[in-house]
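Structure record follows, encoded as structure tokens.
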Amino acid sequence: MKVELSTDREAGRRRVVIENVQPEIDCGRFAIKRTVGERVVVRADIFVDGHDRLACLLKYRTAADEHWNEVRMEPLVNDRWEGEFCVEELARYFYTVEAWVDRFDTWQKDLAKRVQAGQQVPVELQMGTEMIRAAQQRADGQDADRLGWYADVVGGEGSEAERIAAALSDELAVVMAAHPDRRYSTTYRKELPISVDRQRARYSTWYEIFPRSTSAEPGRHGTFRDLERLVPRIADMGFDVLYLPPIHPIGFAFRKGPNNARVASPDDPGSPWAIGGREGGHKSIHPELGDLDDFRRLVKAAGEHGMEIALDIAYQCSPDHPYVQEHRQWFRERPDGTVQYAENPPKKYEDIYPFDFESDQWRELWNELKSVIFYWIDQGVRIFRIDNPHTKPFRFWESLIEDVKDRYPETLFLAEAFTRPKVMYHLAKLGFTQSYTYFTWRNTKHDLVEYFTTLTKTEVREFFRPNLWPNTPDILNEYLQFGGRPACVTRLVLAATLGASYGVYGPPLEFCDVQPREPGSEEYWNSEKYQVRHWDFDSPDSLRDLMRRINRIRHDNPALQTDLHLDFHPVDNHQLICYSKQSDDKKNLVVVVVNLDSNHTESGWVDLPLAELGIAADRPYQVHDLLGDGRYLWDGPRNYVELNPHVLPAHVFQIRRHVRTEQQFEYFM
């Protein structure tokens with residue numbers, strides 16, 4: 001194949017090759033994700049023909065910046081280079097790599113070899129002088145003056161020893177590196193994007209609750225005012241996101257009864273996901289919950305207690321929704337003239353009509369659905385949990401999220417997408433801030449290790465932020481059904497410590513309400529999806545104290561606020577799982593050991609890699625169980641643990657390490 005000459009007149013003189021830049025998602029099509037204050041570590045294969053030495057730069061900027069910031073990249077091994085920078089703004093960033101042959105560095109290193117070999121170097125000193133003079137022309141101020149001095153010495157009439165000493169000066173190397181000859185540099189062909197979010201995108205703690213089930217009196221439909229009364233209690237447990245299922249009017253047509261009965265009585269409230277009635281649709285509030293002023297009061301009250309409201313957005317309609325009458329073309333009709341309701345055979349959802357995104361009026365549909373998000377943003381909401389996003393077109397989500405982020409970059413989107421891995425990952429790439437995961441069904445040691453290794457040790461970590469849920473209104477896993485209270489505690493601790501973001505479907509997990517509708521079902525008996533429940537929030541059976549404790553541990557330990565430093569460690573018992581997490585600065589280290597057997601006491605020997613964890617091998621170290629408040633002195637890598645699930649099924653150890661400084665031992669917690 002014939003090689004076409006580049007239109008770049010200097011292309012033949014650009015000798016450096018840059019390839020295998022990481023991270024790079026789908027050839028640069030999608031952005032990696034970071035939050036404000038996080039590092040971006042970039043690696044690339046960079047090499048040149050021959051033996052010349054290279055200079056490499058990592059370049060980055062925000063979308064609004066005209067000029068690049070630059071940091072030096074350092075060589076690793078085998079022509080691999082690394083550099084890093086920190087994202088400081090809530091903005092879209094770009095990064096790329098530039099490299100060139102560093103003629104002066106090559107000359108300086110070759111000169112040192114020649115001198116060591118006893119060779120004469122008058123010509124080499126002349127060559128160096130010319131390069132220094134050229135750099136002097138590129139510099140100004142003190143640097144230009146200093147380079148002029150070096151050029152005079154290296155090219156002057158002094159002794160050869162003086163000239164060589166000046167030529168090999170470290171100071172000269174530093175000043176020359178600051179003013180390089182980049183005429184023939186190679187720049188990576190892509191500017192790779194970074195999506196930067198606020199910190200709650202990385203670290204968040206969710207509590208889901210149905211407002212209609214918050215009444216203090218049994219039998220009465222709860223309101224926003226009732227929920228407002230519970231805000232201090234939920235905030236006290238350490239949750240920072242209060243997530244509400246749909247709050248809109250509920251249709252009457254084909255309304256479902258208790259336990260998903262196909263026939264409802266006149267008093268049955270129906271499913272909040274059957275959105276829309278005579279009172280309005282997605283921009284309206286169910287009248288029994290209150291009005292818009294009540295909702296705004298709730299948003300304000302949550303904010304005063306350090307929480308945000310997350311609102312469920314389900315793009316679907318009940319047959320009574322105004323859209324069905326006003327925009328029938330947005331729905332798919334069957335041959336008999338009826339509208340196609342939602343199905344997942346053999347399941348039927350006659351009370352829900354999905355939108356037809358292949359409608360001739362798809363643009364109008366898109367614009368209206370986008371306006372729903374902007375309406376609730378106007379009411380103070382900045383976090384949205386999106387129901388079943390994998391059942392709507394990918395291009396729609398990319399367009400919607402981009403439009404919202406352009407105007408409100410602080411907005412967060414959680415994808416409720418229990419679907420195929422590639423679909424989940426694609427939604428994350430399109431812009432969803434966080435995503436549900438398969439954690440709900442990963443209950444064995446092997447499954448947990450394998451799954452979280454994928455999430456934290458592969459390219460997935462660059463764009464997919466997991467939000468771990470032990471339970472949801474749709475999912476009561478069999479582990480909880482058969483494990484009772486110990487299982488609820490186990491899954492709570494796992495979710496809170498394996499992931500920087502986690503959530504609970506609050507009252508059922510808090511009060512260990514784990515009765516299934518029938519054997520083999522993941523549906524709850526008397527599910528809140530179909531009826532109003534009454535919860536005794538003063539019950540002594542509550543896990544409130546434990547939730548408060550685990551969330552306080554998360555708050556106090558930066559290691560648990562990131563997903564980037566999770567490592568699993570051997571235990572000689574398949575029912576015990578052990579893992580550690582460290583903060584970015586390595587000063588905070590937490591080691592977690594969990595008994596996965598909800599019925600029996602399990603024991604075993606934990607084996608920690610002391611060197612990797614920064615623990616001195618020649619001194620004992622203290623482990624403080626933040627969950628049970630026990631303190632132990634461990635010695636060496638191998639130590640014994642024993643956990644009774646009916647007392648506490650887990651240890652959350654904060655490790656106090658000895659770190660030797662020049663003067664004394666210090667301690668990192």
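Quick one: in segment 270-310, of everything that is closer than 27 Å to Asn551 by Cα and in contact with a Lys or Arg (Cβ under 7 Å, 6 or more places away or on another chain), which residue is least open to solvent (accessible area, probe 1.4 Å)?
So the residue we want is Ala310.
Condition first: in a loop (DSSP other than H, G, I, E, B) and crowded, with 22+ Cβ neighbours inside 10 Å. Now tell me which residues in segment 220-237 satisfy that.
Listed by number, the residues that qualify are Gly222, Met237.
Can you report the number of residues in segment 370-387 which are surrounded by 19 or more Cβ atoms within 10 Å (Cβ to Cβ) and within 26 Å of Glu333 (Cα to Cα)?
Total satisfying the criteria: 2.
Of the numbered conditions (1) open to solvent by 50 Å² or more (accessible area, probe 1.4 Å); (2) under 21 Å from the mean Cα position of the chain (by Cα); (3) basic (Lys, Arg), Arg13 satisfies every one except a single condition; which is it?
(2)
Given the options Asp545, Asp538, name the one that is in a helix (DSSP H, G or I) and surrounded by fewer than 18 Cβ atoms within 10 Å (Cβ to Cβ).
Checking each option against the conditions leaves just Asp545.
So Ala496 clears everything in (1) in contact (Cβ under 8 Å) with a residue 60 or more places away in the chain; (2) surrounded by fewer than 21 Cβ atoms within 10 Å (Cβ to Cβ) except one condition, right? Which one?
Failed condition: (2).
Take segment 410-428 and flag every residue that is part of a loop (DSSP other than H, G, I, E, B), within 22 Å of Thr440 (Cβ to Cβ) and open to solvent by less than 10 Å² (accessible area, probe 1.4 Å).
Correct list: Ala417 only.
Among the residues of segment 348-364, are any at pLDDT below 95, over 21 Å from Pro249 (Cβ atoms) and open to solvent by 70 Å² or more (accessible area, probe 1.4 Å)?
Scanning segment 348-364 turns up at least one residue that is at pLDDT below 95, over 21 Å from Pro249 (Cβ atoms) and open to solvent by 70 Å² or more (accessible area, probe 1.4 Å).
Taking Thr391 as the residue in question, decide whether it is surrounded by fewer than 20 Cβ atoms within 10 Å (Cβ to Cβ) and modelled with pLDDT of 95 or more.
yes
With respect to the numbered conditions (1) buried (at least 21 other Cβ atoms within 10 Å of the Cβ); (2) under 28 Å from His600 (Cα atoms), which one is the sole condition not fulfilled by Asp513?
The number of the failed condition is (1).
Do you know which of the residues in segment 473-504 that are among the hydrophobic types (A, V, I, L, M, F, W, C) and in contact with a Leu (Cβ under 6 Å, 6 or more places away or on another chain) is nearest to Val449 (Cα to Cα)?
Top of the filtered list is Ala495.
Between residues in segment 214-233 that are free of Cβ contacts under 8 Å to residues at least 40 places away in the same chain and residues that are exposed (fewer than 15 other Cβ atoms within 10 Å of the Cβ), which pairs lie under 7 Å by C-beta distance while being six or more apart or on different chains?
From residues that are free of Cβ contacts under 8 Å to residues at least 40 places away in the same chain, the pairs are Asp226/Ala216.
Within segment 325-342, how many residues are open to solvent by less than 90 Å² (accessible area, probe 1.4 Å) and over 15 Å from Trp362 (Cα atoms)?
7
With the requirement that a residue be within 16 Å of Ser371 (Cβ to Cβ) and either β-branched (Val, Ile, Thr) or at pLDDT below 95 (or both), what does segment 290-326 give you?
Ile313
So, Arg61, is that one over 20 Å from His179 (Cβ atoms), among the charged types (D, E, K, R) and in contact with a Phe, Trp or Tyr (Cβ under 8 Å, 6 or more places away or on another chain) or not?
yes
Arg182 passes all but one of (1) open to solvent by less than 30 Å² (accessible area, probe 1.4 Å); (2) in a loop (DSSP other than H, G, I, E, B); (3) more than 30 Å from Leu564 (Cβ to Cβ); (4) in contact with a Phe, Trp or Tyr (Cβ under 9 Å, 6 or more places away or on another chain); which number fails?
The single condition Arg182 does not satisfy is (1).
Do we find that Arg407 is within 18 Å of Phe464 (Cα to Cα), open to solvent by 70 Å² or more (accessible area, probe 1.4 Å) and out of contact with any Pro (no Cβ under 9 Å at 6 or more places or on another chain) in this structure?
no
Here is a list of conditions, (1) under 23 Å from the mean Cα position of the chain (by Cα); (2) open to solvent by less than 10 Å² (accessible area, probe 1.4 Å), and Asn443 meets all of them except one; can you say which number that is?
Here Asn443 meets the rest and fails (2).
Could you count how many residues in segment 238-295 are closer than 19 Å to Gln316 by Cβ and not in a loop (DSSP other than H, G, I, E, B)?
Qualifying residue count for the region: 7.
List every residue pair whose Cβ atoms sit under 8 Å apart, with the two residues 6 or more apart in sequence or on different chains, where the first one lies in segment 239-253 and is closer than 20 Å to Arg548 by Cα and without any contact (Cβ under 8 Å) to a residue 60 or more places away in the chain and the second, anywhere, is open to solvent by 10 Å² or more (accessible area, probe 1.4 Å) and assigned to a strand (DSSP E or B).
Hits for this filter: zero, empty list.
Any residue at all in segment 456-469 that is open to solvent by 30 Å² or more (accessible area, probe 1.4 Å), in contact with a helix residue (DSSP H, G or I) (Cβ under 8 Å, 6 or more places away or on another chain) and assigned to a helix (DSSP H, G or I)?
yes
Restricting to segment 438-455, name every residue that is part of a loop (DSSP other than H, G, I, E, B) and free of Cβ contacts under 8 Å to residues at least 60 places away in the same chain.
Hits for segment 438-455 are Tyr438, Arg442.
Go through segment 37-56 and count every residue that is under 30 Å from Pro558 (Cβ atoms) and open to solvent by less than 50 Å² (accessible area, probe 1.4 Å).
6
For Arg363, state whether it is without any contact (Cβ under 8 Å) to a residue 40 or more places away in the chain and of a type in the set (Lys, Arg).
Yes, satisfied.
Conditions tested, residue by residue: (1) open to solvent by 60 Å² or more (accessible area, probe 1.4 Å); (2) touching a residue at least 60 places away in the same chain (Cβ under 8 Å).
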site: Arg61; (1), (2): no, no
site: Val71; (1), (2): no, no
site: Asp79; (1), (2): yes, no
site: Arg92; (1), (2): yes, yes
site: Trp107; (1), (2): no, no
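Within segment 394-404, take every residue that is open to solvent by 10 Å² or more (accessible area, probe 1.4 Å) and of a type outside the set (Lys, Arg) and give me the one that is farthest from Val460 (Cα to Cα).
Filtering segment 394-404 for residues that are open to solvent by 10 Å² or more (accessible area, probe 1.4 Å) and of a type outside the set (Lys, Arg), the one farthest from Val460 (Cα to Cα) comes out as Asp403.
Failed condition for Gly118, given (1) small (Gly, Ala, Ser); (2) modelled with pLDDT under 95; (3) part of a helix (DSSP H, G or I), with all others met?
(3)
Going by the structure shown, is Trp100 aromatic (Phe, Trp, Tyr), assigned to a strand (DSSP E or B) and farther than 24 Å from Ile194 by Cβ?
When the stated conditions are applied, Trp100 passes them.
Sort out for me the strands (runs of 3 or more DSSP E) sitting completely within segment 573-669 that have 1 or more residues that are of a type in the set (A, V, I, L, M), touching a helix residue (DSSP H, G or I) at 6+ places or on another chain (Cβ under 7 Å) and at pLDDT 95 or above.
Correct list: 576-582, 589-595, 650-660.
Just give me the residues in segment 426-446 being farther than 21 Å from His565 by Cβ and charged (D, E, K, R), in sequence order.
Lys429
The values are calculated or read from the model by the stated rules, or taken from the named source; none is laboratory data. What you see is a predicted model, and the numbers here were worked out from it, not measured in a lab. We place every Cβ from the backbone using ideal geometry, glycine too, and count neighbours over all the protein chains shown. Areas reflect the complete protein model, heavy atoms only, side chains present, ligands, DNA and RNA absent. Shrake-Rupley method; radii C 1.70, N 1.55, O 1.52, S 1.80 Å.
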